[in-house]
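Everything below concerns the one structure shown next.
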Amino acid sequence: MTYSQLKAFHALAQERNFHRAAEKLFLTQPAVSIQIRNLEQHSARILFRRSGHSVDLTEDGLALFELTCQMFEVESRVQRLFTAPDERLSRTIHLGADGPHVALDLIEAVTRCTPDIHFRVTLANADTTKENLLALKIDAAVMAYTKVDSRFIAKTISKQDLMALIPTGHALSEHKSVTIEELAPHPLVFREPGSNTQRIVNEAFSSSDFHINTALVMGSREGVKEAVARGLGIGFVFDRELPQDSRCVGVKVKGFESSNADMLLCLKDQHKNPVVKALFDAANSDDF
């Protein structure tokens, strides 16, 4: 097998799509297909299950992907070793986040200290953000994180209260706080599975025997906010996510203060990366 075959395999394993893998490598799709076919023939292994241009990894493919992740991380570390310090600090860091607010606070803290670092941000729900981090599609992540995982370095950088987002003029909109029991009879707007907000809301309602009136399930935080603003139901957000919108108000949910812990995460092998280290240094600073 050749280096180019392994590089093509690694790109396709990351992207799970021939077109995106080809774009990542600046190759044509046929060139990537040839590299993958030669690698499978050489190894006498089926590495991908194909469905059109999209693919899934087989068991052998997953085993190889784990090794190529290590291989290309070592290659990246070798390159960084021989890069001048001023060049290291000029690179862009790809940050994943399950919401923009805490991530932007951290980016502001970093740019105050190290203005030469530039950012690219990918927003997704918590599950997808974690998958992106494991697949090396992002360098670090700001997300809700509750499970211990030896593959990560993790630091708590903020805690937030769960808020009921209520249409202005609703019977509960003047309350200073509400209980889960008070919310249950009203039409509710939920997030999609994989959302950390929805995980906490589900846990809250699972502890009660009340019937839940699910009016809508929205695939984004912005969708929930707009649905509530239009009076279609009551939604849930954390306190830093409250919109500046006169059509709705945020009311604290009793018993769910500091229920969300926002974490800064990276893979252990990435922690010594200078720009990733700058993220953790900013999170530890008095300015954050």
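Assorted remarks:
Yes/no per residue for (1) over 26 Å from Ser246 (Cβ atoms); (2) hydroxyl-bearing (Ser, Thr, Tyr); (3) assigned by TED's automatic domain parsing to the domain that holds Pro193; (4) touching a residue at least 24 places away in the same chain (Cβ under 8 Å):
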{"residue": "Leu123", "(1), (2), (3), (4)": "no, no, no, yes"}
{"residue": "Ala126", "(1), (2), (3), (4)": "yes, no, no, yes"}
{"residue": "Glu131", "(1), (2), (3), (4)": "yes, no, no, no"}
{"residue": "Leu134", "(1), (2), (3), (4)": "yes, no, no, yes"}
{"residue": "Ala141", "(1), (2), (3), (4)": "yes, no, no, yes"}
{"residue": "Arg151", "(1), (2), (3), (4)": "yes, no, no, yes"}
{"residue": "Ala154", "(1), (2), (3), (4)": "yes, no, no, yes"}
{"residue": "Pro167", "(1), (2), (3), (4)": "no, no, yes, yes"}
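- The stretch 207-246, residues that are buried (at least 21 other Cβ atoms within 10 Å of the Cβ) and closer than 20 Å to Glu181 by Cα: Val228, Gly233, Ile234, Gly235, Phe236, Val237, Phe238
- Boolean, Leu67 is farther than 30 Å from Arg240 by Cβ, at pLDDT 85 or above, in contact with a strand residue (DSSP E or B) (Cβ under 8 Å, 6 or more places away or on another chain) and aliphatic (A, V, I, L, M): no
- Qualifying positions in the stretch 247-288 - in contact with a Pro (Cβ under 9 Å, 6 or more places away or on another chain) and either modelled with pLDDT under 85 or surrounded by fewer than 18 Cβ atoms within 10 Å (Cβ to Cβ) (or both): Arg247, Pro274
- All positions within the stretch 176-217 that are touching a Leu at 6+ places or on another chain (Cβ under 8 Å) and free of Cβ contacts under 8 Å to residues at least 12 places away in the same chain: Glu182
- Any strands (runs of 3 or more DSSP E) falling wholly within the stretch 210-275 and containing at least 2 residues that are in contact with a strand residue (DSSP E or B) (Cβ under 9 Å, 6 or more places away or on another chain) and closer than 13 Å to Met163 by Cα: 235-238, 248-253
- Condition met for Glu108 (at pLDDT 85 or above, part of a helix (DSSP H, G or I) and not small (Gly, Ala, Ser)): yes
Matching residues to (1) of a type outside the set (Lys, Arg); (2) at positive phi; (3) in contact with a helix residue (DSSP H, G or I) (Cβ under 9 Å, 6 or more places away or on another chain); (4) surrounded by fewer than 14 Cβ atoms within 10 Å (Cβ to Cβ):
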position	(1), (2), (3), (4)
Leu172	yes, no, yes, no
Val178	yes, no, no, no
Arg191	no, no, yes, no
Ser195	yes, no, yes, no
Gln198	yes, no, no, no
Phe205	yes, no, yes, no
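- Per the listing Lys137, Lys147, the residue uniquely of a type outside the set (Ser, Thr, Tyr), in contact with a Gly (Cβ under 9 Å, 6 or more places away or on another chain), surrounded by fewer than 19 Cβ atoms within 10 Å (Cβ to Cβ) and at pLDDT below 90 is Lys137.
- The helices (runs of 4 or more DSSP H) located wholly in the stretch 1-64 that include 2 or more residues which are in contact with an Asp or Glu (Cβ under 7 Å, 6 or more places away or on another chain) and of a type outside the set (S, T, N, Q) occupy 18-25.
- The set of residues from the stretch 103-127 being among the β-branched types (Val, Ile, Thr) and within 12 Å of the chain's Cα centre (by Cα) comprises Val121, Thr122.
- Any hit, the stretch 182-192, residues being in a helix (DSSP H, G or I) and at pLDDT 90 or above: yes
The values are calculated or read from the model by the stated rules, or taken from the named source; none is laboratory data. These numbers come from a predicted model, not from an experiment. Positions of Cβ are generated from backbone atoms using ideal geometry, with glycine treated the same way; all protein chains shown enter the neighbour counts.
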